[in-house]
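One structure is given below, encoded as structure tokens.
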Amino acid sequence: MSALGIVGGVLQAALVVAGSPLLVGWMRQIRARLEGRVGAGVVQPWRDLRKLFRKEAIAPAGTSEVFRFTPLVLVGSTLVVAAAIPFVTDASALGPGADLFAVVALLAMGTATLALAGLDTGTAFGGMGASRATTIIALVEPSLLMAIFALSVPVGSTNLASIVHSALRNPAQVLSPASLLAAVALLMVTVAETGRLPVDNPSTHLELTMIHEAMVLEYSGPDLALVELSASMRLSVFLGLLASLFAPWGIATSLDPVPLGVGVVVFAAKVLVLGTAVAVGEVFVAKLRLFRVPELLAGSFLLGLLAVAASFFLSRQP
Amino acid sequence: MSEALYVQLLDLAGGALLLTAVVILWRRKLTAIVRVFAVQGFALSLLVAVLAAHENDPTLGGIAVGLLVLRAGVLPWLLRRALAAAGEEQHETRPLVNVAASLLAAAVLVLIAYAVSQPLVELFPSAASTAIPVGMAVVLIGFFALVTRRHALSQLVGFLLMDNGITAVGFLATTGVAFVVELGISLDVLMAVLVLYVLASRMREAFGTTDLDDLRELHD
Amino acid sequence: MNDVILLVPVLAPLAGAVVYVAFGWRPATSWAAAVSAALVLASGAVLAADVLQHGARTGLFGLVRVDALAAFMLVVVGAVALLAAGATPSWLRGEIAAGRAEPRTATRHSLLVQLFLAAMAWAVMAANVGMVWVSIEATTIVTAFLVGQRRSRAAVEAAWKYVVICSTGIAVALLGILLLDAAASHVPGHVGLDWVELVSAAPHLDPGVTRIAVALMVVGFGTKAGLAPLHSWLPDAHGQAPAPVSALMSGVLLAVAFSVVLRVKAISDAALGLGFARTLLVAIALATLAVSASLMIRQRDYKRMLAYSSMEHLGIIAFGAAAGGPLATAAVLLHVLGHGLVKGVLFLGAGQILHATGSSRIDAVRDLVGRVPVLAGCVGVGVLALIGFPPFSVFASELGIVRAGFGAGLGWATALALVLVLVIAAALVVHTSRMLFARPGAAAEPADEPSAASPTSPDSPGLPAAPDSPASPASPGLTTSPASPTAEPALPRRRAAMPLLLGLLACSALGVTAGPLAAVLDAAAQSLTGAP
């Protein structure tokens, strides 16, 4: 565990916590502008969080510890991931622990806990949302693993830092078909995992379609604030992961303040650009009917598999 | 052309071939399918052009231009015309295997293609021959589309997909078959498509639709 | 002798096509088809004699190579085409009379048939695998419109299936050819796609790639030959195509496609040993026989019944090819000719039955012996010949194939194939005897043996006065006026049965002695099996 890793980890965690609500606010603002609305402003999510934190915590009658601990687990696991992935610096706070599989497992754990909490409330919506979320995560995981596998084949390691290193050394690798296919697959996974259109609509409470919102329906006050915060953190973590894996340029490789500063700015810029792209994309797509979602995810799985296949078929320099 | 650039471009063309094949399997809207098919024709001719540039073979370059005209120009144009004539029904509504399952099947087919082409790759390891599995995969995906789709035009696209894959394998595996043979093959493909085009329009006259679901007259 | 003779088999049908384009179909041109078929037959015979004397001939800048197999296949093409051409004019007249066709359709039909013949002749003579592929695909394209000629729903459906499945099969074969080319390009010395070069280079081909290539080519060209697994176009296309076209497709097209498989097998044997192609072909043959047997039993349409019988015979032929060896290969080639003639006769007969009854359902045809004795006799004898009764040549060739099968150590497979063939034969006899003997409304009883053709009076009770024209002995067709333009089912004229009788006669003569053909068969078999 290097000093660079630790500094990076702390910086990243702080940056993700502080910046994620702003990212969500930015994306909402862009959608609002494109749809001809004024929008609530970039900092609106922070205002909402502040309001929620001031409220009293209420747990529905009959819920167990699962319901109460879920927000903490969510935020905690996402925070670990945010510290582990080499966003700002090319070394990870967890060192060899920053394995892609570990990161994916941590993120999946968050989703699984939330699904349990949804079931714990015993309400119809909670159960429905949990079942939908479980379906989607069951479909997402294989393609996520495939995409990761495809990225790790040329490097020979699933350690995130090694993959980022290798991409920095050999920029052509990023443009190989395997990498491009994996990028598309990962993007779809991101959309599905973070509950964006066309898989889930983050801005609706329509009972027929909602997934994430159905699970958190019973939360209120600080708990809800934590859940919302962790949701926005997951979004920025996924986008940051995409950015680090496929466009690792600008990452700090030494402890000097200048590269670190550059790293922070570049990371924020990359995530903002990706977020803008996702928000703009969302304006143009409609939500998929739920039973068409498996199709989308099967497609992303296929792309992941193609990426693996391509990393074997092609790019083998003679 | 430097070796690294050659490999990069070859890989890119190969990846595009595979990706377009998958997207064709994915989409339901026939107009979109035809558009993607045209992109694939372009990728195929790019592949051949890259090979031609690498081997400094003007004949191969000519073939690449011919392929571009035929596969990215004439054939998609014919398909589009057929679609326009078909009017309303432009969706592959109920394929025999639903889209999600057929995407997973395509994944299996890719693996099969990889396994099947191993002897070929081992026969003469080179940048071109490592891409042969891509061509094989396109052939298999095309065959799959052909047997599971019900709309006449998507069957036609499946057939053409197969043909694109075969052409790709041909150029990747050998330095190019004799020019006369290539000419004959292209002509035959064009003829076959024209024949199917005419038959599809006759089918529309007879059945009022090009959905092959209505082909239920002949059976045992 | 120069290269001109090599051009005749292709140029004669092309000239025929030109005639039809220029003059259309009319009584004066209706026999051009027969002339061109006769020319193909004659040139095949001349070439065969030449090949026997001087060995294989290469010509036309190396594009064409005629060996014993090619010459023999030309004879087959010419013979069956002559048979079909002999029956076409009266059939077309019948169609026009029944209002199912116009003179324009007849012109197009004749034109396409000529192109079809040219493509088949080119396919057997081409020296280059690629050119063979092109010409086989060309036969698909040309015959597509022949299959769909009637433009009914069923005909369009059959044509669509035909083109899609055959083109797919042929595309698979193309992939095989390309892989074979890839394997050949890594053999020292320049090896192209010429059959001869490939066979001579075969021992040096990479076995892994060649295995894939051979499997793809056998399956691909096997599609066009009506072999499993891509066989499903065959019953539809044969059932819907006009009778003379069915005769040609069933009698020759399948055989031409199979001759390509035979050549591929020669390469495979040299490159991979006997085992690979044998296993592949035995599996395909048994699957084909099984499919045909299972669908034959409850068949309701007699044209489809004949189509399944074609599949059966191609299965037998594939089985013989699997057995390998000069004896089996000679038997296979004899079977090709015998089956071509008999099946040609039967399809033409089926066309006449269709004209007489207006339906292709077995149920709709009753008491043919009473109504049209000559035709019924021809069909009955034809079916007997088909299931392998002596003295017809099918008997001799099936016997040879079975012996070779047991001799090659394929005992169980041969026994299984024999059982399937027996089932098919039984089904054929039952269905046919129903059509021939059953009184309308009476329950069908399995008859043991229909009597041979007896040219008794064609008067039949209970039917409208048939437009039976007076028998004019010489040059049938040229002098007759068009048949009565009624849409009623017309009884076929007696002399329309002439080609059928001639075909059966030829087949039985072939069964007694192969005559000069024996030497050609031997030469072809030896060149295919590599035996000295």
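Looking only at the stretch A:4-31, residues that are touching a residue at least 60 places away in the same chain (Cβ under 8 Å) and more than 23 Å from A:Leu226 (Cβ to Cβ) come to 7 in all. State all residues of the stretch A:100-125 that are of a type in the set (Val, Ile, Thr) and modelled with pLDDT of 90 or more; if no residue qualifies, say none. Result: A:Thr113, single match. Considering the conditions (1) within 14 Å of chain B (Cβ to nearest Cβ); (2) in contact (Cβ under 8 Å) with a residue 24 or more places away in the chain; (3) buried (at least 24 other Cβ atoms within 10 Å of the Cβ), C:Trp122 is excluded by exactly one of them, (3). Applying the criterion of at least 2 residues that are over 24 Å from C:Glu197 (Cβ atoms), without any contact (Cβ under 8 Å) to a residue 40 or more places away in the chain and out of contact with any Pro (no Cβ under 8 Å at 6 or more places or on another chain) to the helices (runs of 4 or more DSSP H) found wholly in the stretch C:251-324 leaves C:274-296. Across the stretch C:181-202, the qualifying residues are those that are within 10 Å of another protein chain (Cβ to nearest Cβ) and not in a loop (DSSP other than H, G, I, E, B), and the one among them that is farthest from B:Ser117 (Cα to Cα) is C:Ala184.
Just to be sure before I move on: is C:Arg371 basic (Lys, Arg) and closer than 15 Å to C:Met435 by Cα in the structure I sent? Yes. Scanning the stretch A:81-106 for residues that are crowded, with 21+ Cβ neighbours inside 10 Å and part of a helix (DSSP H, G or I) gives A:Val81, A:Ala82, A:Ala83, A:Ala84, A:Leu100, A:Val103, A:Val104.
Entry remark, the stretch C:184-206: residues being free of Cβ contacts under 8 Å to residues at least 60 places away in the same chain and hydrophobic (A, V, I, L, M, F, W, C) number 4 in total. Residues that are at the interface with chain C (Cβ under 7 Å from one of its Cβ atoms) and over 19 Å from the mean Cα position of the chain (by Cα) were ranked within the stretch B:123-162; the one that is surrounded by the fewest Cβ atoms within 10 Å (Cβ to Cβ) is B:Phe124. Just the residues that are more than 7 Å from every other protein chain (Cβ to nearest Cβ) and closer than 19 Å to B:Ile166 by Cα, please, taken from the stretch B:186-209. B:Ser186, B:Leu187, B:Val189, B:Leu190, B:Val193, listed by residue number. The residues of the stretch B:91-119 that are in contact (Cβ under 8 Å) with a residue 12 or more places away in the chain, within 9 Å of another protein chain (Cβ to nearest Cβ) and under 20 Å from A:Val308 (Cα atoms), listed by number, are B:Ser102, B:Leu103, B:Ala106, B:Val110, B:Ala113, B:Tyr114, B:Val116, B:Ser117. When C:Ala101, C:Ala84, C:Ala79, C:Ala45 are checked against the criterion of being part of a loop (DSSP other than H, G, I, E, B) and touching a helix residue (DSSP H, G or I) at 6+ places or on another chain (Cβ under 8 Å), C:Ala101 stands alone in meeting it.
Against the criterion of being crowded, with 24+ Cβ neighbours inside 10 Å and either under 18 Å from B:Val99 (Cβ atoms) or of a type outside the set (S, T, N, Q) (or both), B:Leu9 does not qualify. What do you reckon, is C:Tyr308 in contact with a Leu (Cβ under 7 Å, 6 or more places away or on another chain) and within 30 Å of C:Leu502 (Cα to Cα)? Yes, satisfied. In the stretch A:289-311, is there at least one residue being β-branched (Val, Ile, Thr) and crowded, with 23+ Cβ neighbours inside 10 Å? Scanning the stretch A:289-311 turns up at least one residue that is β-branched (Val, Ile, Thr) and crowded, with 23+ Cβ neighbours inside 10 Å.
Residue by residue, here is whether (1) crowded, with 20+ Cβ neighbours inside 10 Å; (2) of a type in the set (Asp, Glu); (3) in contact (Cβ under 8 Å) with a residue 24 or more places away in the chain; (4) farther than 23 Å from A:Glu282 by Cα holds:
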| site | (1), (2), (3), (4) |
| --- | --- |
| A:Arg169 | no, no, no, yes |
| A:Ala172 | no, no, no, yes |
| A:Val189 | yes, no, yes, no |
| A:Met215 | yes, no, yes, no |
| A:Tyr219 | yes, no, yes, yes |
| A:Phe238 | yes, no, yes, no |
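Candidates in the stretch A:138-149 are the residues that are buried (at least 20 other Cβ atoms within 10 Å of the Cβ) and away from chain B (no Cβ under 12 Å); of these, the one that is nearest to B:Thr20 (Cα to Cα) is A:Ala147.
Can you tell me which residue among C:Gly44, C:Gly94 is buried (at least 21 other Cβ atoms within 10 Å of the Cβ) and without any contact (Cβ under 8 Å) to a residue 40 or more places away in the chain?
None of the others qualify; the one that does is C:Gly44.
Please tell me if A:Met188 is at pLDDT 85 or above and within 14 Å of chain B (Cβ to nearest Cβ). It is true that A:Met188 is at pLDDT 85 or above and within 14 Å of chain B (Cβ to nearest Cβ). All told, C:Ile165 falls short of being buried (at least 24 other Cβ atoms within 10 Å of the Cβ) and at pLDDT 90 or above.
Test C:Val520 against the stated conditions and say whether it is in a helix (DSSP H, G or I), out of contact with any helix residue (DSSP H, G or I) (no Cβ under 6 Å at 6 or more places or on another chain) and at pLDDT 50 or above. Full working, then the answer.
Values: in a helix (DSSP H, G or I): yes; out of contact with any helix residue (DSSP H, G or I) (no Cβ under 6 Å at 6 or more places or on another chain): no; at pLDDT 50 or above: yes.
When the stated conditions are applied, C:Val520 does not pass them.
Taken over the stretch C:130-172, the criterion of being among the charged types (D, E, K, R) and either more than 7 Å from chain B (Cβ to nearest Cβ) or not in a helix (DSSP H, G or I) (or both) is satisfied by C:Arg150, C:Arg151, C:Lys161. Here is the figure for the stretch B:24-45: residues that are within 13 Å of another protein chain (Cβ to nearest Cβ) and modelled with pLDDT of 90 or more total 2.
The values are calculated or read from the model by the stated rules, or taken from the named source; none is laboratory data. Source: prediction; values computed, not measured. FYI the Cβ positions are ideal-geometry reconstructions off the backbone, even for glycines, and counts take in every protein chain you see.
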